[in-house]
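Before any comments, here is the structure.
Nothing in this text is a laboratory measurement; each read-out follows from the coordinates by a stated rule. Just so you know, these numbers come straight off a predicted model, no measurement behind them. Neighbour counts are summed over all protein chains in view; Cβ atoms, including those assigned to glycine, are modelled from backbone coordinates with ideal geometry.
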Amino acid sequence: MATISLTGTDFEAAVSGDGITFVDFWAQWCGPCRMFAPVFEAASLAHPDIRFGKVDTEAEQGLARSAQISSIPTLMAFRDGILLYREAGALPAPALEELITAIRALDMDDVRSKIAAEQVSA
């Protein structure tokens, strides 16, 4: 599946559903964002079972603010509505593939139980 543009209207639905969603926060004027764009697009085509979304931080300033984006590109990875990864910086293709493999391999029952335990102790 090719990448989709996400807005403040559809962002929450895209990241909170079942399955894996990667989101690239970017801007047209950002050199590293332009370098990462083809890597992100290639991954989206290689992994049609994963949602790949892009948020243009210039057009979606409110969404970027609410997501606390302070550097771009910023990549987020969600699985079953849980934010599992958030880092600024452009990843090379092999690093993105490693991240995809790691997100796929996670035991989500274990992740949910760790989150529940953290909430109890907080």
Worksheet item: About its Cα centre, what dipole magnitude does the chain give when the only charges are +1 on Lys and Arg Cβ and -1 on Asp and Glu Cβ, stated in debye to the nearest 20?
Response: 200 debye
Worksheet, complete the sentence: For segment 26-122 the chymotrypsin sites (Phe, Trp or Tyr not before Pro) that pass both the DSSP coil test and the at-most-12 other-Cβ-within-10 Å test are 29
Response to the item:
Along the dipole axis of the chain (charges at Cβ: +1 for Lys and Arg, -1 for Asp and Glu; origin at the Cα centre), the most positive-end residue among 75, 30, 17 is 30
Fill in: Cα-Cα separations in the chain greater than 16 Å, expressed as whole percent
61 percent
Discussion item. If I model a spin label at residue 101 and residue 80 as a point 7 Å from the Cα along the Cα→Cβ vector, what separation in nanometres do I get?
Written reply: 2.3 nm
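With r as the distance between the Cβ atoms of residue 34 and residue 10 and R0 = 25 Å, compute the FRET efficiency 1/(1 + (r/R0)^6) and round to 0.05.
Working: r = 24 Å, r/R0 = 0.95.
For R0 = 25 Å, the calculated efficiency reads 0.55.
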